[in-house]
Amino acid sequence: MFELQVLDGNDPEFIRLVSRVGIGAARIAGVARLGVIRIDHWFSEQWVGFRGKVVGAAGVREYLGRSGMDWRVPPFHPHRVVSETYYELPPDGPPRGPLEPATRLHTWRSSESNTRLRLASVAEPGVYIWFNSDSLATRRGSLLAYTCADGNASGWYVGFEKDDDWRFTSRVEIGEGEWRLILDASRVSEE
């Protein structure tokens, strides 16, 4: 069974959930690459479609519907990125990795250039997930997923809180049915 490494500050149950979602989303999309980006602290659904800042303080954010050519790399500042790792997902075997990427998504660049950084132009076809790395202390989880295939990209966000178990607090651009399909696809890939 594929599972991301649990680092200091990570809730192991949340990491298991993120691992399943990454594998399931990639299997459904039919892509052979999974990018996993750990962000230092919790982040909200406002990152879905966020492009960056222009002229100082004004934020630029777009909802492009479920898919489109203009989804941008979420402009997390590089100092917030705990790690950026990649996995190859062969159709008939377990994931391989972590692998070094040819190009990192999160590098030092101007805010203005972030507004033009299309995911489909810099990333290989795959599923890219961003999640917070402080889930143990905060008991909150954020999971942002973008799929990039055939020159198009789409994305969604799920927010969680933990009482006894992890539960939804918000969902953007993903319904209950699609969520269940992703979790089911991860189970199939484990068999």
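Annotations for the structure displayed:
- Here the 3J(HN,Hα) profile of segment 159-171, calculated from phi with Karplus coefficients 6.51, -1.76 and 1.60 at θ = phi - 60°, is x, 9, 9, 10, 9, 7, 10, 6, 10, 5, 10, 7, 9 Hz, Gly and Pro shown as x.
- For residue 33, distant residues with modelled amide H under 5 Å away: 89, 127
- Coupling constants for segment 40-49 follow from the phi torsions by the Karplus curve (6.51 cos²θ - 1.76 cosθ + 1.60, θ = phi - 60°), and in residue order they are 4, 10, 3, 9, 9, 5, 5, 7, 5, x Hz; glycine and proline get x.
- Estimated FRET transfer efficiency (residue 179, residue 79; beta-carbon r; R0 30 Å; 0.05): 0.45
- Estimated distance in nm for a label pair at residue 46 and residue 103, the labels positioned 7 Å out from Cα along Cα-to-Cβ: 2.9
Any read-out appearing in this document is the output of simple, stated calculations on the displayed coordinates, not a laboratory observation. These numbers come from a predicted model, not from an experiment. No Cβ is skipped: glycine too gets one built from the backbone with ideal geometry, and neighbour counts run over all protein chains shown.
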